[in-house]
Each structure stands twice: as structure tokens, then as C-alpha cells.
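Colleague: The structure that follows is given in the form of C-alpha cells.
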């Protein structure tokens, strides 16, 4: 029986929470909407790059990233596509997207019971024959499959 696949998280813009099918399209969006100079309309690659450009070329201080959500206007965070997004915001976006309320870990970090390594207890030791345990190599979870047993057979007298 097949296992249900976990949905892949689409690339999304940290500044406006918009989702995209491809990270290349996300980068084009960021350059056009968020990293476009308000003075000369030059498209830059990152928020800090836009801030430095405005400061050096136009002698104007850029306080916030254009067209961003009110709590995500920082010009200090270096985001390019999906790289550089703060971990806290990634987890929060996954919770909102997949409806994981009240969990501390994202779904890929939660260990699943069926994916854990099965536990095989050690073979029992017979108290009367402690020397016998060293004659055979230990048996794995599938028996002696693929192992060559080297026993010296002593003929009966």
C-alpha cells in the first residue's frame, strides 16, 4: 500500500505572501514589485541592494521595501527568491498553508512512527551454555541470508 505524499510547498514571496509555480517567476516578481527603484525604476536583486542603490545614486534613504506587507518592510534582510527567508516565517507560512495549528515543528521534521527503524531485541543467552553463543555469527533481522557459515564439523566417534 502506498504512502500519501506530502504536498510540496510552492515558492512564495516573503514581502507580499504571494505564491508562484516556479522560483524564477518569484525572482522576476520580486525585482519588478519590491526591488524596483522608486526614483529611476532600475530593477535590483535584493532589498539591501535597493537600499544601497538609493543611498549612493540618488542620495535618498530608503526606509522600507515598496509594495510589502506592513510587518515585512525591512531593507536589512537579504532575500533573493526563497533564500534568506527567516526560519520563523517559513514555519509560520507552512502552518498557515497546511493548517498545522499548535505544533512546534514543521511536518518534515516530525518523526513518523512507520518510518522509524524497527527494533530487534538481542538473541537470548542460554544460561547453561554460555560458550555456545560465540560459535555462530549473530543472526540479523532476516536470518542468515547471504552469509557463509564457517563451521568445523567433527565426525562422531
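Colleague: Only one of these is touching a strand residue (DSSP E or B) at 6+ places or on another chain (Cβ under 6 Å), surrounded by 17 or more Cβ atoms within 10 Å (Cβ to Cβ), under 23 Å from residue 19 (Cα atoms) and in contact (Cβ under 8 Å) with a residue 24 or more places away in the chain: 46, 75. Name it.
Modeller: Just a single option satisfies the conditions, and that option is 46.
Colleague: Residues that are over 30 Å from residue 12 (Cα atoms), outside any loop (DSSP other than H, G, I, E, B) and either in contact with a helix residue (DSSP H, G or I) (Cβ under 7 Å, 6 or more places away or on another chain) or at pLDDT below 60 (or both): does the range 121-128 have at least one?
Modeller: Taking the range 121-128 first, the residues over 30 Å from residue 12 (Cα atoms) are 121-128.
Checking which are outside any loop (DSSP other than H, G, I, E, B) leaves us with none.
No: the range 121-128 contains no residue that is over 30 Å from residue 12 (Cα atoms), outside any loop (DSSP other than H, G, I, E, B) and either in contact with a helix residue (DSSP H, G or I) (Cβ under 7 Å, 6 or more places away or on another chain) or at pLDDT below 60 (or both).
Residue by residue, here is whether (1) modelled with pLDDT under 95; (2) within 16 Å of residue 64 (Cα to Cα); (3) over 21 Å from the mean Cα position of the chain (by Cα) holds:
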position	(1), (2), (3)
2	yes, no, yes
5	yes, no, no
10	yes, no, no
18	yes, no, no
22	yes, no, no
30	no, yes, yes
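Colleague: If we keep just the residues of the range 49-71 that are touching a helix residue (DSSP H, G or I) at 6+ places or on another chain (Cβ under 7 Å) and under 16 Å from residue 84 (Cβ atoms), which is surrounded by the most Cβ atoms within 10 Å (Cβ to Cβ)? Write out each step before concluding.
Modeller: Of the residues in the range 49-71, the ones touching a helix residue (DSSP H, G or I) at 6+ places or on another chain (Cβ under 7 Å) are 60-62, 65-68.
Next, from what is left, pick out any that are under 16 Å from residue 84 (Cβ atoms): 65, 68.
On the way: 65: 24, 68: 19.
This residue is 65.
The values are calculated or read from the model by the stated rules, or taken from the named source; none is laboratory data. Note that the coordinates shown come from a computational prediction; the quantities given were computed from them, not determined experimentally. As a convention, Cβ positions derive from the backbone with ideal geometry for all residues, glycine included, and neighbour counts pool all protein chains shown.
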